[in-house]
Structure formats: C-alpha cells, structure tokens
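For reference, the structure discussed in these notes is given below.
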Amino acid sequence: MAERGRVVTDSMIGLKMPDYSRISPRVATVLGQNPNPFTGPGTNTYIVGTSKRPILLDTGQGVAIYADLLEKGLKEFSDTGELEQIVLTHAHIDHLGGVRQVVERFGEMPVSKMPWEGHDAPAGDVSPIYDDAVIETEGATLRAVFTPGHAPDHLCYVLEEERALFTGDVVLGAGTTVIPDDTGDLGQYMDSLKHLLELDLETIYPAHGPVIRNPKEKIREYIAHRELRERQILAALGDGPLDAMAIVKKIYVDVPEYLHPAAANSVRSHLRKLDRENRVMEHEKRWSLK
C-alpha cells in the first residue's frame, strides 16, 4: 500500500485574490484575470520600483480587461502611469501572453527573459538575460536566479532592497506546481528548490496565490512534499507494474479527479527522474521497480 497524505496541505481551489494590491513601498500586484484549475485565481503580475516608470514583472496571458486594470494600478502606483520595461520569469503563456497587449497600451519598451527557442514568439523581440543578471530601476534592483525544472528557461528574481524573491511558478502561494512531463525536469526542479533555500529571504512573491512570509519554511515544505510523492510512487509500484494514471489514483486520493491529468504529468516527471537513477523501468507505458 502506498504511503498516503501530503505535506503541502493548502490549495488554490476557491482562492480569491484582489485585482490590485499595494504590497510594499516597492511592489504592487495586478491580477491577470485568467483563473483556471492550474493558475488558481490567475497570474500575479508585479509592478516593481519607486520611480515614475517602474518595471512590470510578468504580463498574464492577454485577457482583454487586464490592460485596463494595469493602467488603473499604475496610476495608483506612480504619478505618470508609465512603464520602463517588462521582465519575464519564463515562456509559459500565462506569463508572457500579455506582452503585446501591454506594449500596445503603454508603448514600446524592453522585454527581458532567458531565451527558450521556439517558445518566446508571443513576447516579440526579447533582450536575453541569464543567471545573475541585474535589472535596475529607481529604488529597485532585480537579480536573476536560474531555476530550471518547471520550465527550462525559468528565472526567479531577488528584489535586493527587500530580501524578497519573485518565484514565478517554482514556489506558489498555495498548493504545488506541476512539473510538465514533456518540458519539465524534476531533478532540476529539486536542485532549484535547494538553491533557493540557500538565499537570505524575508518574503516570496509568487506568480499564483498570496504572498509568502515564511520563505524557508515554505521551500522546505515543497522539498518534503516532492520527497513524499517519490516514496508514494515507489510504494505503489511495489504492488506490480502500473501506468501513470493508475499511480495517480493510488496516491492522489486528496486531489479532485479533474486535476488527475495534471497530477499524472508530475508522476511521469517523478518516474523519469527515478528511471535516470536506475530505480524504475518502463515497458509499454507501464512502470515497475528495478
């Protein structure tokens, strides 16, 4: 019998977030208006800086009403209601899909992200940035931290003035992130979490869900959760060969069935990690212990 239970007990289901919220003297959030079972209330996009032309970190996916809410939020945040530039965490559509919409409303501006060939087109021409790159505006310094696993191009950003971290999809404000089985890598994701644990942080600003005020506790919780899922998968396979969905039904007993396909993504990512470690093997889409 597989080990049951979960470490991360909160959930995005039913969670509500405000359209606009001033979080600190340097940070405000505008909700992307794209709720669904995987984004929760929607993508948090962040206005960052103290200048008249702050940075926008992530853009949502291009929902029509978002541009109006962003314009209103910018007028509350600064005197001019203008933006200096856009910075992106990664190329998933709910993070960069609104770039053209923002540019059309506020004018041409630099767009910075780590390149991911074949995935960056919705953002137009991007300025390539990589690990440890520094992006500055008046009153705010963002330092990029390469955190692959959820996506191969994923960057988190340390806001040095606040000892805060914009985590994109690596750490969420509630629930856990999905590791896509086609473009994700669970081994890299675990390494990214351990790297974040080494940072001196007071606050996490996630791409989905509320602000996290206990960064190290939350990151340790995420690591423990993935380690638990790995033990559960191995225990489930102790009963004989199973496909990914059969494993989901054994161990994701606390997750609504409509989320099982997403859970299967993460299970397949776990299985590929275990396969690389020579602990499981696959035959005709069924997995077994080695």
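The values are calculated or read from the model by the stated rules, or taken from the named source; none is laboratory data. Note that the structure is predicted; figures quoted are calculated from it, not measured. No Cβ is skipped: glycine too gets one built from the backbone with ideal geometry, and neighbour counts run over all protein chains shown. Surface accessibility is based on the protein's heavy atoms, side chains included, excluding ligands, DNA and RNA. Shrake-Rupley method; radii C 1.70, N 1.55, O 1.52, S 1.80 Å.
Tabulated data for the structure shown
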| quantity | calculated |
| --- | --- |
| Enumeration of residues in the stretch 191-214 that are under 21 Å from THR39 (Cα atoms) and open to solvent by 10 Å² or more (accessible area, probe 1.4 Å) | THR203, PRO210, VAL211, ARG213 |
| Those residues of the stretch 21-42 which are free of Cβ contacts under 8 Å to residues at least 12 places away in the same chain, within 15 Å of the chain's Cα centre (by Cα) and part of a strand (DSSP E or B), in sequence order | ASN36 |
| Every residue from the stretch 247-281 that is surrounded by fewer than 16 Cβ atoms within 10 Å (Cβ to Cβ) and more than 22 Å from ILE13 (Cβ to Cβ) | ASP275, ARG276, GLU277, ASN278, ARG279, MET281 |
| Identity of the residue in the stretch 99-154, open to solvent by 30 Å² or more (accessible area, probe 1.4 Å), hydrophobic (A, V, I, L, M, F, W, C) and in a strand (DSSP E or B), that ends up nearest to ASP182 (Cα to Cα) | PHE146 |
| Search result, residues across the stretch 156-176 that are polar (S, T, N, Q) and either in a loop (DSSP other than H, G, I, E, B) or under 17 Å from GLY139 (Cβ atoms) (or both) | THR176 |
| Listing of helices (runs of 4 or more DSSP H) fully contained in the stretch 183-289 that carry 2 or more residues being farther than 21 Å from HIS150 by Cβ and in contact (Cβ under 8 Å) with a residue 12 or more places away in the chain | 215-237, 244-251 |
